[in-house]
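Only the coordinates and a few stated rules stand behind these numbers; no lab work does. Quantities reported herein were computed from a predicted structural model and do not represent experimental measurements. Glycine gets a Cβ as well: all are built from the backbone with ideal geometry, and neighbour counts include every protein chain shown.
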Amino acid sequence: MKPALREQILTILAAIPEGRVTTYGRIAAMTDGATPRLVARALRELPEGHALPWFRVITASRRLAEHPGAPEQRQRLLAEGVPFDTRGRVTAEALWP
DNA sequence: TACGTGACCATCG
DNA sequence: ACGATGGCCACGT
């Protein structure tokens, strides 16, 4: 049984603390069978006005995925104190859990 | 049913 | 350490 993987994904998303980030793959692994691509897809389809921290999700290589909102994502992470190294990678300490 | 797609990932050179 | 490569797999059409 895999009731609304999407719901599990969003629940986990909502639990990521401010100032921390996690990856598509890690979120997927916490659910009952979602894949990283499904996580990405769930984020892409989020409605406009939602309050979920979509910007706290990055790739396994600790970079921002390529998508239209990437510039805003970078800005929002910086704004809440997530440190980036010189080459645009989020520092390992910012990873959640 | 079949096929293309993608906000990915692990592996390898 | 970093880019290229191939795999994976749920979804929509």
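Numbers at a glance
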{"item": "Fewest-first ranking of A:Glu45, A:Glu72, using other Cβ atoms within 10 Å as the exposure measure", "result": "A:Glu45, A:Glu72"}
{"item": "Extension reserve of the A:Arg89-A:Thr59 stretch, reckoned as 0.36 nm per residue once the Cα distance is removed", "result": "9.8 nm"}
{"item": "Ordering of A:56-67, A:81-92, A:19-30 by burial proxy (mean other Cβ atoms within 10 Å per residue, highest first)", "result": "A:19-30, A:56-67, A:81-92"}
{"item": "Whole-number percent relative contact order across chain A, with pairs defined as alpha carbons under 8 Å at least 6 apart", "result": "31"}
{"item": "Paramagnetic reach from A:Met30 in the range A:61-97 [backbone N under 13 Å; point 7 Å along Cα→Cβ]", "result": "A:95-97"}
{"item": "Cα convex hull of chain A - mean projected area over all directions, nm²", "result": "6.0"}
